[in-house]
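Trainee: Input: one structure, supplied below.
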Amino acid sequence: MRSSRRARAMVTPERPPYPGRQLLILALCRICEPIAFMSIFPYIFHMVKDFNLTDDESQISFYAGMVTSAFTFAEFSTSVFWGRLSDKIGRKPVLLMGMAGTGLSVLIFGFAPNLQVALSARALGGFLNGNIGVLQTTVGELVTVREHQPRAYAVMPLVWCIGSIVGPMIGGILAKPVENLPSIFAPGSLWDRFPYLLPNVFSAFCVFFGVIIGLLFLEETHAEKKQHRDRGVELGNYLLSYLPGRGGKVDGRSPAKDAEEQPLLFETEESLPGYLTNGGSAGPSTASCAPGQGPTDLEEVCVGQGPKQEPRPVTKIFTKPVVTIIASYGILAFHTMVFDSLLPVFLSTNAPEHPAPISLPFKFAGGFGLDTQTIGAILAVQGLYSMASTHFLFPRITERLGPLRLFKLMSVLYPLLYFFTPYIVLLPESLRMASVYMIVVWKCTFSTLAYPSNAILITNSAPTTLTLGTINGAAASTASLCRALGPIISGLLYSLGLESGYSGLSWWVTGLVTIGGIYIGMEITEPRGRMDEKDDIEASPDSQVIWDDAATRTNERQAEQD
């Protein structure tokens, strides 16, 4: 009986712990990209103006929008390629290449002497960086327990919120250093010739830091490639062995020996579950045999092989549920990008000197006429609240409703936001600023709940992790295209609305798009995926029979030996 219990303990799979350390490393790698992406916004108008293309400010704004959109258009064209490549060579090398591409592009952008070079640099960054989809794939492979998903999928949006706060601060402070910091940067120097180089050098340094962290400490998550040797992680472990309390200088042991024995980042963490791979299939493996265990009938369920079963080939990746979820993601990306680009313009717009007669409910025109400092403060509050909402609200609400019901709820409620927003300009002066902050909180709450829940649905819809990179690449490509088109379409509609006396036109058209999002959102189903199969294997009566039969034969052999 004792041997039977021992055998049962050896083969019963255990739930893996929350992969907090690897998510932290992934966050440190990720933080460099939003800093680099968002740092250009404070100075892009002035940079384009310094190119001396035109004196018309409306034309300058158009060119500045081209520079901003060049990245997303280029990213749209290559996201699927990077996702497929990560399915073939692994997640880690694609992530590192994407970060290196970002570093190269920001340096070229800092040296840009004209609009053509600036556009080329931004486009190069988009071509070389397909990390949005690959990051979601990596998180999906790190998190193998449903209960961990709400907490884990809030990490990357939180990192983006931090980058969206730090990036503009860096760009605003370090741009034109000869003018802003004359005591440090002298006229006639390199920084005077290239006044926007310094913030991009800072961004490149952040990217370099992220690449080093990823190279040394980020573990591969691809079901097949993670079994290969990673010399970067080995070097990271070796370097960690020299830290106080970890190396031979403290306890007399060799640092190299410590590096061989110690796990990554100081404490033992259960390795990621293995996957059975044969052709295009994958499934979770069972626990490995205990060290020193002799050959028994348990071998067929030990050493990461799991119970013997026929692999189920994956014949189709983009099933109807997958396509529906990706389409809903694209619509979400479109209208949230419209809001982000339209709100500052809406707040900056001055009330017309000779307004046309108001004819409610639709015909009215106006704006807030706020200065850049006030708008900057509002956007800072938006970033801070997004961090709090992502960290506190999303995990708790998702645990109660689940990602599918939560995303459907957000789809139904989103149109109210866009139909209501333009009317705040009609409120009394005493209520206008309060209404602006209410709209910002409303939008941030919905975004921080909708994006991570959609990411969970995309991950869970993948039949295996071997196709997850391709699916997330397609989702990222769709979102990039929608984000690129959103500001262009909304900008044209906003200008048309102001001229015709309907300042809410762009908002209401976007609201109609969200109504289309309701129809698609209601069609979403959560298909059975890799986590459902994992649960089935763990709870399968056939699997239990294998455990019991193997344990019984082991017990009989032990009795014969006694």
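The values are calculated or read from the model by the stated rules, or taken from the named source; none is laboratory data. Every value quoted in this text rests on a predicted model; they were computed, and no experiment measured them. Here the Cβ is made from the backbone with ideal geometry for all residues, glycine too, and neighbour counts use every protein chain on show. Please note that ligands, DNA and RNA were not included when accessible areas were found on the heavy atoms of the full protein model with its side chains. Shrake-Rupley method; radii C 1.70, N 1.55, O 1.52, S 1.80 Å.
Trainee: So, G469, is that one more than 17 Å from the chain's Cα centre (by Cα) and either touching a residue at least 60 places away in the same chain (Cβ under 8 Å) or open to solvent by 10 Å² or more (accessible area, probe 1.4 Å) (or both) or not?
Mentor: Taking the combined requirement at face value, the residue does not satisfy it.
Trainee: Right, another one. Working only within the range 447-466, note down all residues that are of a type outside the set (S, T, N, Q) and either over 26 Å from the mean Cα position of the chain (by Cα) or open to solvent by less than 20 Å² (accessible area, probe 1.4 Å) (or both).
Mentor: Once the filter is applied, which keeps residues that are of a type outside the set (S, T, N, Q) and either over 26 Å from the mean Cα position of the chain (by Cα) or open to solvent by less than 20 Å² (accessible area, probe 1.4 Å) (or both), the range 447-466 yields L449, A450, P452, A455, I456, L457, I458, A462.
Trainee: Same structure again: Examine the range 119-129 for a residue that is open to solvent by less than 50 Å² (accessible area, probe 1.4 Å), within 14 Å of the chain's Cα centre (by Cα) and in contact (Cβ under 8 Å) with a residue 40 or more places away in the chain, and state whether such a residue exists.
Mentor: Within the range 119-129, one or more residues are open to solvent by less than 50 Å² (accessible area, probe 1.4 Å), within 14 Å of the chain's Cα centre (by Cα) and in contact (Cβ under 8 Å) with a residue 40 or more places away in the chain.
Trainee: Right, next: Determine whether V425 is open to solvent by less than 50 Å² (accessible area, probe 1.4 Å) and at pLDDT below 90.
Mentor: Yes: the conditions hold for V425.
Trainee: On to the next question. Residue by residue through the range 180-201, note down the ones that are at pLDDT below 85 and assigned to a helix (DSSP H, G or I).
Mentor: N180
Trainee: Evaluate the following for S348: is it open to solvent by less than 40 Å² (accessible area, probe 1.4 Å) and touching a residue at least 12 places away in the same chain (Cβ under 8 Å)?
Mentor: So S348 fails the test.
Trainee: Here are some residues: E220, E234. Which one is open to solvent by 70 Å² or more (accessible area, probe 1.4 Å) and modelled with pLDDT of 90 or more?
Mentor: After applying the criteria, what remains is E234.
Trainee: Report, by residue number, each residue of the range 389-438 that is of a type in the set (V, I, T) and either touching a strand residue (DSSP E or B) at 6+ places or on another chain (Cβ under 9 Å) or touching a residue at least 40 places away in the same chain (Cβ under 8 Å) (or both).
Mentor: Within the range 389-438, T390, I397, T398, V412, T421, V425, V436 qualify.
Trainee: Need pairs with beta-carbon distance below 8 Å; first residue in a helix (DSSP H, G or I) and within the range 206-235, second of a type in the set (F, W, Y); sequence gap 6+ or separate chains.
Mentor: That search, which allows pairs on different chains as well, returns V233/F217.
Trainee: Go over the candidates L498, L492, L485, L481 one by one and state the one that is out of contact with any helix residue (DSSP H, G or I) (no Cβ under 8 Å at 6 or more places or on another chain) and closer than 19 Å to T68 by Cα.
Mentor: Only one candidate passes the filter, namely L492.
Trainee: Would you mind finding the one in R146, R91, R151 that is touching a residue at least 24 places away in the same chain (Cβ under 8 Å), of a type in the set (D, E, K, R), farther than 21 Å from L28 by Cβ and in contact with a helix residue (DSSP H, G or I) (Cβ under 7 Å, 6 or more places away or on another chain)?
Mentor: The conditions single out R146.
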